[in-house]
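Nothing in this text is a laboratory measurement; each read-out follows from the coordinates by a stated rule. Keep in mind it's a predicted model, so treat the numbers as computed, not measured. Glycine gets a Cβ as well: all are built from the backbone with ideal geometry, and neighbour counts include every protein chain shown.
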Amino acid sequence: MKSKYVMIEGLAFNEEGDMKRLSKYASQGWILESIVGGFVYKLKKDKPQNIVYSLDYQTEANEEYFDIFKEAGWKHVISLGKQMHIFSAESGTKPIYSDRETQIDKYEDIRFRTGKASLYSSIAGALLIGLLIFSFIAMRAIFLPILCLLVIDIVIFIFNFMSYVAYNSRIKQIEKDGGVKSEAINSKGLWKLYIFIGIAFLVLGILDLIDKKYLGVLSVAAGGLYIYLSINHYKKYKKYKKS
């Protein structure tokens, strides 16, 4: 059986875009089969189908939960972990979340959990920074392992915090407009992420140049590029927000 692999663009930032992409692939005979590694859709070759996809968040998914979707015409396709579930239905099927209150309910729990994870990561990061300073002064042997742990914690923090920002933006948009513009959320998340990366590269580059490590010029250039990208996404965000 033929298979195709497609990158997930970011469910927190571009949920609607990803679901539309999967529907387009289905119309070409590529049907969602699974998610590989949490980052890639695996599609199987089948006959073309006129279906739509929908993503839901539920940590306590039981038989009753799936029955509610089934009775409304939605078929469970796959689950990612124990919190994300993708359903499919014939085109034109009424969405499960069709009013403002239920749409908000859909995101409140995942927003809370990503916010809590961000808080825990920031506390762990502060402790690791303290240990890093201590190890640099008094115990160099553990400096590198702590630095590695700090880098891992920063990656985890960015992932959770950016997701929190996206879900929070979704709830605010629904409260204000009754719907979600994925383009605005995507641009909002990216301009904040890119400005963070850009400033980090600039600081590292400047520190290298102070130490007469002239490869720091590359870091400064990379920082400038990310800041430029951040400004572009900020302008797009403002444009989508006004429209």
Report summary line: For the stretch 100-178, the Kirkwood Rh over every pair of distinct alpha carbons, in Å, works out to 14.2 Å
Report summary line: Quick numbers on the stretch 44-148, Rg and Dmax over C-alpha atoms in Å, give 22.1, 66
Query raised in the report: If contacts are Cα pairs under 8 angstrom and at least 6 residues apart, what is the relative contact order of the chain in percent?
Result: 15 percent
Report task. Please give the contour-minus-distance gain from I154 to I78: 0.36 nm per residue of separation, less the Cα-Cα distance, rounded to one decimal in nm. Result -> 24.4 nm
Report summary line: For the chain, the Cα gyration tensor yields equivalent-ellipsoid semi-axes (√(5λ), largest first, whole Å) of 39, 21, 19
Report task. Calculate how steeply helix 143-177 sits against the longest principal axis of the alpha-carbon atoms of the chain, using the helix alpha-carbon long axis, and give the answer as 0 to 90 degrees to the nearest 10. Result -> 40 degrees
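Treating only the Cβ atoms of Lys and Arg (+1) and Asp and Glu (-1) as charged, compute the dipole magnitude of the chain about its Cα centre; round to the nearest 20 debye.
It works out to roughly 1000 debye.
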Report summary line: Ranking A141, Y164, Y237 by how far each Cα lies towards the positive end of the charge dipole of the chain (+1 on Lys and Arg Cβ, -1 on Asp and Glu Cβ), the top one is Y237
Requested in this report: Report, in debye and to the nearest 20, how large the dipole of the stretch 100-178 comes out about its Cα centre when Lys and Arg carry +1 and Asp and Glu carry -1 on their Cβ.
Outcome: 100 debye
Report task. Please get the size of the charge dipole for the stretch 3-90, origin at its Cα centre, with Cβ charges of +1 on Lys and Arg and -1 on Asp and Glu, quoted in debye to the nearest 20. Result -> 620 debye
Report summary line: The farthest towards the positive end of the charge dipole of the stretch 3-90, of the residues T59, N14, S27, given +1 on Cβ of Lys and Arg and -1 on Cβ of Asp and Glu, is S27
Query - Entries in K2/K47; K172/K238; K44/K75; K116/K238 that, when Cα-Cα distance is taken, lie over 19 Å - result: K116/K238
Requested in this report: Count neighbours as other Cβ atoms within 10 Å of each site's Cβ, and list the trypsin sites (Lys or Arg not before Pro) in the stretch 1-49 that are DSSP loop with at most 11 such neighbours.
Outcome: K2
Query raised in the report: In degrees, nearest 10, range 0 to 90: what is the angle between the Cα axis of helix 100-138 and the longest Cα principal axis of the chain?
Result: 20 degrees
Query raised in the report: Between V36, L215, Y97, whose Cα lies farthest towards the positive end of the dipole of the chain when Lys and Arg beta carbons carry +1 and Asp and Glu beta carbons carry -1, centred on the Cα centre?
Result: L215
